[in-house]
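A quick write-up on the structure given underneath.
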Amino acid sequence: MLVLTCSYDPTADIVLRILAGRGVPVVRADPGAELHQGAALTAHYGADGRRGTLTTASRTLDLDRVRSVWYRRPSPWSAPPDLAGQDADFARAQAQWGAGGILAALPGAHYVNHPWRIRAAEHKPAQLDAALTAGFAVPDTIVTTDPDQARAFCAQQPGGAVYKPLWNSPYRDEDGRPLQVWAAEVDPREIGDGVAACPHLFQAKVDKDFDVRLTAVGQELFAVRIDSPDLDWRRRQDLMTCTPIAAPAPVRRSVARYLAHFQLVYAAFDFAVDTAGRWHFLEANAAGQWAFVPSPTAEAIATAIANQLEKGHAA
């Protein structure tokens, strides 16, 4: 079994502890970083078929024997520290398409999730389209580069509108400190012509009673109600409370259809539940976090993931 994640990942540690207790052999690697720290990756293709090895600081893995891959949160593909400019850009691209290509094409491996499936499911416009097809309730949304369209859309929302970034792009202030762009309410009068610089996502604000984070692992669903004073509960997680909650049958059916659409084994869904009890789809993260939920639920999710990985290992 191969687990691809960064060196510090407490969430992965929970699942690895369960697998270790079951005696399942696991190799943990972070190829984006470790290939410049002594690790090596080789694949051979020819008349006698394919074979390959991944060598880390502690062991050598026969890639043909990998039955499961947990593509958790590996570091981005990088270049050796002594390269810069075009040389570094070239090395990063070769790593992505070479090493990344090898690890995404292991014969017979059960991926949770496959990296290409994760990438396809990361685009918010694709998520919204799939959510509608799956039968979720979706707040009225616009993605636009037209400032006039943005202002008109937001002005037409009786309960107000919010802005959300389409991607968590790295951003820093003038002092170099990292900034996080949270979902925020929007006054149409404050929308400037800067919208034309890149696509912006605006969405009708849900008159929500609470939020829900629903984690899907295959056919198993684990949902928690999130009560927070903030529009975006991720902003101050120390102020939120989480309580297990059952997902309505229509939501469960839509989750199954959504996973099938993107061919995902795992996803973390976010919903806003309005005062009438209706669940509104906000987004789904194919590599989303879950360790922040209460311990019994987190342990159940970890066990479900371990079961998926072991199932592939035993196949």
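Reducing the range 157-196 and the range 1-17 to their Cα centroids gives an inter-centroid distance of 32 Å. Label positions at residue 84 and residue 143, each projected 7 Å from the Cα along the C-beta direction, are separated by 3.7 nm. Between the range 58-101 and the range 116-154, what is the separation of their alpha carbon centroids in Å? Rounded to whole Å, the Cα centres lie 31 Å apart.
Taken along the Cα-to-beta-carbon direction at a fixed 7 Å, the label points for residue 133 and residue 26 span 3.4 nm. Taking Cα atoms only, the orientation of helix 295-314 departs from the longest principal axis of the chain by about 40 degrees.
In degrees, nearest 10, range 0 to 90: what is the angle between the Cα axis of helix 249-262 and the longest Cα principal axis of the chain? Computed tilt is about 50 degrees.
The label point for residue 47 and the one for residue 97, both projected 7 Å from the Cα toward the Cβ, are 2.9 nm apart. Taking every Cα-Cα distance in the chain and sorting them into 10 Å bins starting at zero, the pair-distance distribution P(r) comes out as 5, 23, 30, 24, 14, 4, 0 percent. Think of the range 213-296 as having a plus end and a minus end, set by charges on the Cβ of Lys, Arg, Asp and Glu; of 296, 239, 254, 254 sits farthest toward the positive end of this dipole. For residue 28, the amide hydrogen comes within under 5 Å of the amide hydrogens of 3, counting only partners 5 or more places away or on other chains and with H modelled in the peptide plane.
With the cut-off at 1.5 for a/c, could you classify the range 1-82 from its C-alpha gyration tensor as rounded, prolate or oblate? In terms of gyration-tensor shape, oblate.
The residues of the range 214-315 expose on average 45 square angstrom of accessible surface per residue, using a 1.4 Å probe on protein heavy atoms.
Of the residues 101, 69, 32, the one whose Cα sits farthest toward the positive end of the charge dipole of the chain, with +1 on the Cβ of Lys and Arg and -1 on the Cβ of Asp and Glu, is 69.
With a Förster radius of 41 Å, plug the Cβ-Cβ distance of residue 253 and residue 232 into 1/(1 + (r/R0)^6) and report the FRET value to the nearest 0.05.
E between residue 253 and residue 232, to the nearest 0.05, is 0.90.
Just checking the listed ones, 159, 46, 101: in the Gaussian network model of the chain with Cα springs under 10 Å, the one fluctuating most is 46. Over the residues of the chain, the helix contribution to mean residue ellipticity at 222 nm works out to -8500 deg cm²/dmol, using -39500 (n - 2.57) for each DSSP H run of at least 4. Separation of the range 249-264 from the range 268-315 is 13 Å, based on Cα centroids. Karplus-derived 3J(HN,Hα) values for the range 233-238, using 6.51 cos²θ - 1.76 cosθ + 1.60 with θ = phi - 60°, are 5, 5, 5, 9, 5, 5 Hz; glycine and proline are entered as x. Judged by the ratio a/c of the largest to the smallest principal axis of the C-alpha gyration tensor, the range 83-234 counts as oblate, that ratio being 1.5 or greater while a/b is no larger than b/c.
Counted residue by residue at 0.36 nm each, then reduced by the alpha carbon distance between them, the extension gain from residue 185 to residue 33 reaches 50.9 nm. Bridgeable lysines around residue 164 (alpha carbons under 22 Å apart, same-chain partners fewer than 8 residues away excluded): 124, 205, 208.
The values are calculated or read from the model by the stated rules, or taken from the named source; none is laboratory data. Remember, predicted model here, so these are calculated numbers, not experimental data. Positions of Cβ are generated from backbone atoms using ideal geometry, with glycine treated the same way; all protein chains shown enter the neighbour counts. For the accessible areas, the whole protein counts, side chains as well, though only heavy atoms, and no ligand, DNA or RNA atoms are used. Shrake-Rupley method; radii C 1.70, N 1.55, O 1.52, S 1.80 Å.
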